[in-house]
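Reading through the structure tokens given below for one structure.
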Amino acid sequence: MRLALALPLALLACGSQTSPAGDDAQALAQLQEELHQANAVIDSLNYTVDASNQIIDGLRAQVSSLQKVDARLYESVQQLSAELRNWRTQAEDQRERNQEMSAELERLRREKHTDRQTIARLRREADSLNTALLDANGALRRQVGHLDQLRDELALARGEAAQARQAAQAALEAGRLAQLAVQVFPAGEQSLREQGYLEAGRKMFRKSYKLIKPLDPADPRLRPIPIGQPLELEGDLRGLADRYGRLREGSDFAQEKLAGRVRVTFTNPLLQGAEVVAVVGN
């Protein structure tokens, strides 16, 4: 009897110790089937215990009817009854544990199904996020390339603007210097009169000159000379004149005669920007 009861309980103990810790659905189903079998064995043991109790009750009735009772048999019957009660208590406890384990297995199966759905959803979300990240990375690279292009264009525009600004400043400076310079047109007396620039006459013992028409700024012979800067003229200087008349040496200009030419330097700051004809001769 003890061997027959110990074998099913050993099987149950082995089934409990080898329960899977993972999410293998087949192992969970097999363990649940073993729990159902253990419950069947417990039911069979209960029937055996009930039958044994009936036999004991019969033996007790027989013993009570006898006047001579074997004390050793009575002690064995009492011990067997106690063991049967103990086995029955253990069987009920095992039944409760099996029911709890079945419920736990069912909960784990539901959680496993839920976890699979969650994992699948998270995988889809991760794929969608990776796709969005790849698209964003491509868009960002295009924007960076466009920004680099704009930066190069801006640097080029700044360089061109700086060059244009320098050219404009140089032109303004040249224009300013040209405006401040004396515009000198050297030519012979006859040529100046023919072009309508010069009016010549004589006052007392000195020949007079006067500029009577604005000079042509596009004429390549027109030479801008700043105040204080020397101008060399070929031939002999007969006189200098602006629209007010002949210039005076010493107060308006200074001259230095060289071999075959003359060096003229304007000294009067009031002549800045004025037009002057230089009458030269051979």
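Here, each number is a calculation from the coordinates, and none is a lab measurement. Predicted model only: the values in this text are computed from it and were never measured. Ideal geometry is used to build each Cβ from the backbone, glycine not excepted, and the neighbour counts take in all protein chains shown.
Do any residues in the range 213-224 that are under 12 Å from VAL276 (Cα atoms) have Cβ atoms under 7 Å from those of residues that are among the polar types (S, T, N, Q), where the two are at least six apart or on different chains, and which pairs are they?
LEU215/GLN183; LEU222/GLN183; PRO224/GLN183
Within the range 214-229, which residues are surrounded by 13 or more Cβ atoms within 10 Å (Cβ to Cβ) and more than 11 Å from VAL184 (Cα to Cα)?
Scanning the range 214-229 gives a single hit, ILE227.
Within the range 99-112, does at least one residue satisfy the condition of being assigned to a helix (DSSP H, G or I), over 30 Å from LEU215 (Cα atoms), within 46 Å of the chain's Cα centre (by Cα) and free of Cβ contacts under 8 Å to residues at least 12 places away in the same chain?
For the range 99-112, residues assigned to a helix (DSSP H, G or I), over 30 Å from LEU215 (Cα atoms), within 46 Å of the chain's Cα centre (by Cα) and free of Cβ contacts under 8 Å to residues at least 12 places away in the same chain: present.
Take the range 263-277 and flag every residue that is surrounded by 18 or more Cβ atoms within 10 Å (Cβ to Cβ) and assigned to a strand (DSSP E or B).
VAL264, PHE266, GLU275, VAL276, VAL277
Among the residues of the range 77-125, what is the count of those that are surrounded by 11 or more Cβ atoms within 10 Å (Cβ to Cβ), among the polar types (S, T, N, Q) and closer than 20 Å to GLN54 by Cβ?
Number of matching residues: 2.
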